[in-house]
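Comments concern the structure below.
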Amino acid sequence: MPPARHSGTQPVRSERLADHVMHSERFEVGAAAVQAIARAREHGWNVRAPQEPERRSAIVMLELERPNEIVNALIDRNIIVDHRPGLVRVSPYFYNTIEENAIVIDAIANILEHRK
C-alpha cells in the first residue's frame, strides 16, 4: 500500500498515554508564524488564526477552494501540509524558518495562479 498523501497529527511520544503531560507542549508563537500569517493575508486569503499571537495554536488554517488538490501539489514539491474540508492546514511554528514559510505561501500562490 502506498504511503498516505498527508502528514496528519503525530502520535503522542510516550509509551503510556497516562505518562503524557497534557499541554506540556505550550510555546510562544515565533516570528516565522507571524510572518507566514501576514504573507497569507497579503494574498487576500482568509486565515483562520486568532489575531492575538498569545491565543494561537501550532496550526494555521487557510480557507482555499479544493484544498486536497493544493496539498497534493505541495507534496509533489516536498512541502508537507494537510487539509480539512475547505481548508489547507499549515503548521509554521516549531521547525520552520521565515524563509521556509515564505516558500510554502509562495508555492500555494503559484498553485492557485496556475489552477484550471
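List of remarks:
- Averaging Cα coordinates gives a centre for region 85-114 and one for region 59-74; these two points are 9 Å apart.
- Karplus 3J(HN,Hα) series, Hz, for region 42-51 with 6.51 cos²θ - 1.76 cosθ + 1.60 (x for Gly, Pro): 4, 7, x, 7, 7, 9, 8, 7, x, 5
- As an equivalent ellipsoid, region 26-113 spans semi-axes of 20, 14, 12 angstrom, where each value is the square root of five times an eigenvalue of the C-alpha gyration tensor, largest first.
- Under a 5 Å amide H cut-off, with hydrogens placed 1.01 Å from N, LEU64 pairs with LEU87, VAL88 among residues at least 5 apart or on other chains.
- Remark: region 70-86, residue by residue, has Karplus-estimated 3J(HN,Hα) of 5, 4, 4, 5, 5, 4, 4, 9, 6, 10, 9, 9, 9, 9, 10, x, x Hz, where x stands for each Gly or Pro and the curve is 6.51 cos²θ - 1.76 cosθ + 1.60 at θ = phi - 60°.
Values in this text are rule-based calculations from the coordinates and carry no lab data. In this text the structure is predicted, and so the values were computed from the model without any measurement.
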